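Here the structure comes first, spelled out in structure tokens, and everything after it is commentary.
The values are calculated or read from the model by the stated rules, or taken from the named source; none is laboratory data. It should be emphasised that the depicted structure is a prediction, and the values quoted were computed from it without experimental measurement. Note that each Cβ is placed from the backbone with ideal geometry, even for glycine, and that neighbours are counted across all protein chains shown.
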């Protein structure tokens, strides 16, 4: 595979990881009803987070960030080599 194809695959992985991160975060929280402390008080609701799903969301966010940086750097490095020409160190006088 050439550099462009690898960079595109890395960017696709980044998008997939970002989507997975959002889905994991949305499924990590749930609403639960809390019983009243004193007789006659209304019940209250609270948000409860599932730690394994939050950890998965954080891991996928990190993977997405690394893949984006790596993919963009690979694309930029490829474009710079293409337009710059040969390196002065590799040319023979």
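Worth pointing out:
- Evaluation of residue 7 against (1) touching a helix residue (DSSP H, G or I) at 6+ places or on another chain (Cβ under 7 Å); (2) surrounded by fewer than 14 Cβ atoms within 10 Å (Cβ to Cβ) (one fails), failing number: (2)
- Within region 31-53, the presence of at least one residue that is in contact (Cβ under 8 Å) with a residue 12 or more places away in the chain, on the phi < 0 side of the Ramachandran plot and under 16 Å from the mean Cα position of the chain (by Cα) is confirmed.
- Any hit, region 35-47, residues being surrounded by 10 or more Cβ atoms within 10 Å (Cβ to Cβ) and at pLDDT below 95: yes
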